[in-house]
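A short worksheet on the structure shown next.
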Amino acid sequence: MPRGLVLLLAAGPFLAGCGGNWGWHVVDPTDPRGQANLSFMLSGFWATVSLSLATMALSITLGLAVALLGLARARPLRWINRGYVEVFRAVPILVMILWVFYGLPVVLDIRLGVFVAAMLAIAVCDSAFEAEIFRAGIQSIEQGQREAAMALGLSPWQRMRHVILPQAIRRVLPPMANQFIYVVKMSSLASVIGYQELTRKANELVVTVFRPLEIYTILILEYLVLILLISAGVRWLERRMGADQSIRRDA
């Protein structure tokens, strides 16, 4: 019997017993009020997606740059890599969001919007993990690949760009996909500074209809659908890039 069906059957008696205390009419798609509530919650969908995509793009860029510093021959550059990774890997993302939004304008005398502040804070913290993922992927490339590139007369930058990085990206795609899912979930923390994403919309609706159980249940389902779509897209990308075959060969 499928596991999902088992869980559903097990939860049946509990849901039946609590049915009188639940107010699913507030999210009933057949009810006009429920339709309005659902539409209000879904209006934060694009905000979550856009913040996650922008954050991931910035995080990957920063992470790759920091990873290359860690692979440099110059010791000061490696110190920068280690310091960056250790510091930003240790800072909680919620604290970083609050500091960037409220503290950074005081330091730089520049007022940041909620989107930019959230993107910058999450990307900086996540880039420390991306840097370690890139470093591990680059170092996993066989020495023979580097020697072959050197024999062809390629410069260090050409070896990295044309030989090492294309192979490393295929290998790091699965852990990077996990980080993207992590970023999508962490984007919910942007609600604390007023960014109108899925969680913020749900919080605003809760204080209006006073039905946190039903609203947050729908919120969970929204994130579940979003993450499942991302997972399906990543699997398709892995097949296109041959990352799944690379993993099987390495195993």
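Odds and ends about this structure:
- The number of residues in the range 190-216 being β-branched (Val, Ile, Thr) and in contact (Cβ under 8 Å) with a residue 24 or more places away in the chain comes to 5.
Each row is one residue, and each column tells you yes or no for (1) surrounded by 10 or more Cβ atoms within 10 Å (Cβ to Cβ); (2) more than 27 Å from the chain's Cα centre (by Cα); (3) modelled with pLDDT under 95.
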site	(1), (2), (3)
ALA10	no, yes, yes
ALA16	no, yes, yes
TRP22	yes, yes, yes
VAL49	yes, no, no
SER52	yes, no, no
ALA57	yes, no, no
ARG73	no, yes, yes
LEU94	yes, no, no
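- Where GLY83 falls short, out of the listed (1) under 30 Å from GLU204 (Cβ atoms); (2) assigned to a helix (DSSP H, G or I); (3) not charged (D, E, K, R): (1)
- Residue in the range 109-120 that is among the aliphatic types (A, V, I, L, M), in a loop (DSSP other than H, G, I, E, B) and crowded, with 18+ Cβ neighbours inside 10 Å present: yes
- Helices (runs of 4 or more DSSP H) within the range 129-225 that include 1 or more residues surrounded by 15 or more Cβ atoms within 10 Å (Cβ to Cβ) and touching an Asp or Glu at 6+ places or on another chain (Cβ under 8 Å): 165-186, 198-209
The values are calculated or read from the model by the stated rules, or taken from the named source; none is laboratory data. These numbers come from a predicted model, not from an experiment. Every residue, glycine among them, receives a Cβ derived from its backbone with ideal geometry; neighbour counts consider all protein chains shown.
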